[in-house]
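Worksheet: one structure, shown below.
The values are calculated or read from the model by the stated rules, or taken from the named source; none is laboratory data. In this text, all values refer to a predicted model and were calculated from it rather than measured experimentally. Cβ atoms come from the backbone with ideal geometry, glycine included; neighbour counts cover every protein chain shown. Protein only, heavy atoms only, side chains kept; ligands, DNA and RNA dropped before computing areas. Shrake-Rupley method; radii C 1.70, N 1.55, O 1.52, S 1.80 Å.
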Amino acid sequence: MIIMLWLLVVPASAQSSSEHPSDSVRHLDEVVVTTKLTFREVIPSQKLSGEQLERLSTHSVADALRYFSGLQLKDYGGVGGIKTVNIRSMGSNHLGIYYDGVELGNAQNGQIDLGQFSLDNIDEVTLYNGQKSAIFQTASDFGHAGSVYLRTRRPWFTYGETHHLKASVKYGSSDMIRLSGLYEQKLSERLSASLSAGFLNASGKYKFRYHRVNIDGTTAWDTTAVRQNGDIHAERAEANLHGILDNGYWYAKGYLYNSERGIPGAIVNNVWRRGERQWDFNTFVQSQWQKSFTPRFSSRAMVKYAYYRTHYVNNDSTQLPVDHTYRQQELYVTTSHVYELLPAWSASLSYDFRWNKLDADTYHFAYPTRLTNLVALATAVDCQRVKLQVSLLASAISDRTCDGGTQPTLTRWTPALFANVYPLRGKWLSARAFVKRSFRMPTFNDLYYTDVGNAALRPETATQYDMGVSAQRHWDSGLLTRLSLQADAYYNEVRDKIIAYPKGQQFRWTMLNLGRVHIHGIDVEAEADVTPMTDLTLTARLQYTYQDARDVTDPATPYYRDQIPYIPWHSGSAIVSLAYRGWTLSYSFIYAGERYNEQENIIYNHEEPWYTSDLALVRQWQWKRYTCKATLEVNNLFSQDYDVIVNYPMPKRNGAIALSIAY
């Protein structure tokens, strides 16, 4: 666990240096001590810290995740467009998203719109494949094929400081204006508070080129137009209390997000549809408490209540009108305990309880309720050059609907084994491997959506195999000061994949367990810091992903062994930053290779590769007691025309300017 010691005053008698005479007082900054019980990293993570995030042209968490290998982002375009992420071709529902240690849930459709989470208050974004390499964690952490952890900023005060204040404003293309503020207050030596808020307003209008070619090579449509109905108005607020205990800490958080947005819809056959609108009101409160009772035993407890309201309207004259409101509630309680059996051997036990309920004003709605119980037992061994982690998760899940129907309790046992070996002294080189079984429950929409849901669906299971190597070196002097390399080869198998399938004489859709996918992939990541001269630093980050994800469901289908939709064989990104005194120039590049937008890999469904180049210039300076920063961004520098999702064109060249002041 993390023990935060507030060491502010040290008596001068402890100092013998002439710089601190015997009658003076020496003030030290806050010290963070991490015990070995907290974190035994077996599988290295991918991470973007606060400074790296500030150098990128990123607005939301979804924008930042584009720079991680093994992830595919679904972006429907524009400032307010919905953005979800898929890990290693297994689907969005196999990825857990954690906000300050507590999972963000959506029992209705399993999708977390990462565009709703601003980076204004995010201090670090971390991706773990398999699971977080720590046995001291919640039971749900052991249940996903991968996890993204979002860590918000926590107040840190040096001696004499009692408060911090930061305000920023950004104006950009699509008539975007973004305001944010952060206030931190030291209430006592052991208690601090923070309040952050943000405001976003944009028309969502941007120029795009709509270009479609027939199979024979002739042009079907070639139009340059302005995207409409992509406006968004959103407010966000978050309040935190952070407290320090003897050998422990606690925090409490309240979060609120409210938005109204237009949904421009797909452009099909040169027809623009823009009759959809959506209102979101999301709020949750959560708290965490953690303490070490002895040097060998620690406990943690967390609780969360969330309420999500979604109002969706479709007034498109070509479709049946829709006006529905959905209300989700979630109660989550978890407790975790870790004990050090021997100096190199620890064990943990975790229990999670989750209650989910969904209400809606649709006809014949099922009003489902879900109870989830998770118990995880894990152990970790650290023998200098060998690290091992073994875990077993037991899941018991039951659903109930308004008509009295109760699904049989579903029980699953999902094990995982992780290993890391350091063959050389200094531990700068490591080889790792893991195997893990996980599953994802059908969502409420999958099971109970009117005329579409299928209550007989089975869970979708995934088995992962991974082998990789990593090397990290640091040098105190010389041209190259840091070098980090990671490479992984993996094989994933997804069974009982849940898909929408046409069924019946009226061509109605239903959800079925028909899918089976075999996935082969390679992830490569490299980072380096170069210091060619004093005050000049060059930082580079490169990542590449190869994925071969084949549908092997039924040999009789025309798409048997075809690449599954929207998974490119080749993708990658690059970030290069040049920092000189108060100036920073950053260039970022994202590439997605050819792919297909439907199950059949035929030329009609083929999507061309796309790439974007973004440029950001940052100037930071001191003015009296204030730290000022100005940013100029140019995104899609070469104004490429592309779609991430077919018929949802992305913006051409666009830009923004920003100014922030911190005290």
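Here's the yes/no breakdown for (1) farther than 26 Å from GLY110 by Cα; (2) hydrophobic (A, V, I, L, M, F, W, C); (3) under 28 Å from the mean Cα position of the chain (by Cα):
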position	(1), (2), (3)
CYS383	yes, yes, no
GLN407	no, no, no
ARG425	yes, no, no
TYR449	no, no, yes
ARG482	yes, no, yes
GLN486	yes, no, yes
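Pick from ALA167, ALA134, ALA197, ALA220: which is open to solvent by less than 30 Å² (accessible area, probe 1.4 Å) and hydrophobic (A, V, I, L, M, F, W, C)?
Residue meeting the stated conditions: ALA134.
If you go through segment 325-336 one residue at a time, do you hit one that is small (Gly, Ala, Ser), open to solvent by less than 20 Å² (accessible area, probe 1.4 Å) and more than 21 Å from ILE135 (Cα to Cα)?
Looking for residues that are small (Gly, Ala, Ser), open to solvent by less than 20 Å² (accessible area, probe 1.4 Å) and more than 21 Å from ILE135 (Cα to Cα), one finds none in segment 325-336, hence no.
If you go through segment 558-603 one residue at a time, how many are touching a residue at least 40 places away in the same chain (Cβ under 8 Å) and over 29 Å from the mean Cα position of the chain (by Cα)?
7
Which ones in segment 73-88 are within 22 Å of HIS520 (Cβ to Cβ) and either surrounded by fewer than 24 Cβ atoms within 10 Å (Cβ to Cβ) or within 11 Å of the chain's Cα centre (by Cα) (or both)?
Result: LEU73, LYS74, VAL85, ASN86, ILE87.
Only one of TRP413, TRP428 is open to solvent by 30 Å² or more (accessible area, probe 1.4 Å), closer than 22 Å to GLY143 by Cβ, among the aromatic types (Phe, Trp, Tyr) and touching a residue at least 12 places away in the same chain (Cβ under 8 Å); which?
The conditions single out TRP413.
For the subset of segment 347-362 comprising residues that are of a type in the set (S, T, N, Q) and over 21 Å from ASP446 (Cβ atoms), which member is surrounded by the most Cβ atoms within 10 Å (Cβ to Cβ)?
SER350
Identify all residues within segment 319-375 that are of a type in the set (Ser, Thr, Tyr) and under 19 Å from SER140 (Cβ atoms); write none if there are none.
Across segment 319-375, the qualifying residues are TYR332, THR334, THR335, SER336, SER348, SER350, TYR351, THR369, THR372.
Mind counting the residues in segment 42-54 that are buried (at least 21 other Cβ atoms within 10 Å of the Cβ) and either among the basic types (Lys, Arg) or assigned to a strand (DSSP E or B) (or both)?
Residues meeting the conditions: 2.
Just for segment 253-291: of the residues that are among the small types (Gly, Ala, Ser), over 20 Å from the mean Cα position of the chain (by Cα) and open to solvent by 10 Å² or more (accessible area, probe 1.4 Å), which one is modelled with the lowest pLDDT?
GLY275
Might you check whether a residue that is free of Cβ contacts under 8 Å to residues at least 24 places away in the same chain and either of a type outside the set (Ser, Thr, Tyr) or open to solvent by 40 Å² or more (accessible area, probe 1.4 Å) (or both) occurs anywhere in segment 615-622?
yes
Scan segment 363-374 and report the pairs whose first residue is under 10 Å from TYR448 (Cα atoms) and whose second residue is open to solvent by less than 30 Å² (accessible area, probe 1.4 Å) and part of a strand (DSSP E or B), with Cβ atoms within less than 6 Å and a gap of 6+ or a chain change.
Taking only residues 6 or more apart or on different chains, the pairs are PRO368/LEU358; PRO368/ASP399.
Quick one: would you say ALA344 is open to solvent by less than 20 Å² (accessible area, probe 1.4 Å) and without any contact (Cβ under 8 Å) to a residue 60 or more places away in the chain?
no
Report whether or not PRO415 is touching a strand residue (DSSP E or B) at 6+ places or on another chain (Cβ under 7 Å) and assigned to a loop (DSSP other than H, G, I, E, B).
Against the criterion (touching a strand residue (DSSP E or B) at 6+ places or on another chain (Cβ under 7 Å) and assigned to a loop (DSSP other than H, G, I, E, B)), PRO415 does not qualify.
From the list VAL386, VAL375, which one is modelled with pLDDT of 95 or more, in contact with a Phe, Trp or Tyr (Cβ under 9 Å, 6 or more places away or on another chain), open to solvent by less than 80 Å² (accessible area, probe 1.4 Å) and of a type outside the set (Phe, Trp, Tyr)?
VAL375
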